[in-house]
1. In the list 7, 41, which residue meets the criterion of being assigned to a helix (DSSP H, G or I) and either more than 15 Å from the chain's Cα centre (by Cα) or at pLDDT below 80 (or both)?
2. Which one of 79, 113 is loosely packed, with under 11 Cβ neighbours inside 10 Å, modelled with pLDDT under 85, on the phi < 0 side of the Ramachandran plot and in a loop (DSSP other than H, G, I, E, B)?
3. Here are some conditions: (1) farther than 17 Å from residue 6 by Cα; (2) at pLDDT below 80; (3) touching a strand residue (DSSP E or B) at 6+ places or on another chain (Cβ under 8 Å). Residue 89 meets all but one. Which one does it not meet?
4. Quick one: which residue in 47, 103, 20, 91 is part of a loop (DSSP other than H, G, I, E, B), surrounded by 12 or more Cβ atoms within 10 Å (Cβ to Cβ), on the phi < 0 side of the Ramachandran plot and in contact (Cβ under 8 Å) with a residue 12 or more places away in the chain?
5. State yes or no: is residue 61 crowded, with 17+ Cβ neighbours inside 10 Å, in a loop (DSSP other than H, G, I, E, B), in contact (Cβ under 8 Å) with a residue 12 or more places away in the chain and more than 13 Å from the chain's Cα centre (by Cα)?
């Protein structure tokens, strides 16, 4: 699992990548020196709540991209987890999305063992 996060973090402009279970708890992180554990946990809870709100509205999505002045947060849904990537504005989104698709496929096949079940599988495109 850590090797997959290393692969994502090796892309220029990626600050950190985090696996979050459906309860918003950190499953795995690279523990970036830029981001504290409490900040990552807060991001995880916000992602989980945002996804729950979207699902309650009847919209099924496979991920979302949040844009901010300082950068972006890209979230992809796995079979029982969220993959959260914190990036600078300058990140190559095409390369990142290709890498995320490969990493998600591998992680979904391995079934992240410490994540909670219950999130439905999304369609890979």
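1. Values: 7 fails: either more than 15 Å from the chain's Cα centre (by Cα) or at pLDDT below 80 (or both).
That would be 41, the only listed residue that is assigned to a helix (DSSP H, G or I) and either more than 15 Å from the chain's Cα centre (by Cα) or at pLDDT below 80 (or both).
2. Numbers: 79 fails: loosely packed, with under 11 Cβ neighbours inside 10 Å.
Only one candidate qualifies: 113.
3. (2)
4. On the way: 47 fails: part of a loop (DSSP other than H, G, I, E, B); 103 fails: part of a loop (DSSP other than H, G, I, E, B); 20 fails: part of a loop (DSSP other than H, G, I, E, B).
When all the criteria are applied, what remains is 91.
5. Values: crowded, with 17+ Cβ neighbours inside 10 Å: no; in a loop (DSSP other than H, G, I, E, B): yes; in contact (Cβ under 8 Å) with a residue 12 or more places away in the chain: yes; more than 13 Å from the chain's Cα centre (by Cα): yes.
No: the conditions fail for residue 61.
The values are calculated or read from the model by the stated rules, or taken from the named source; none is laboratory data. Source: prediction; values computed, not measured. Backbone-built Cβ (ideal geometry, glycine too); neighbour counts: all protein chains shown.
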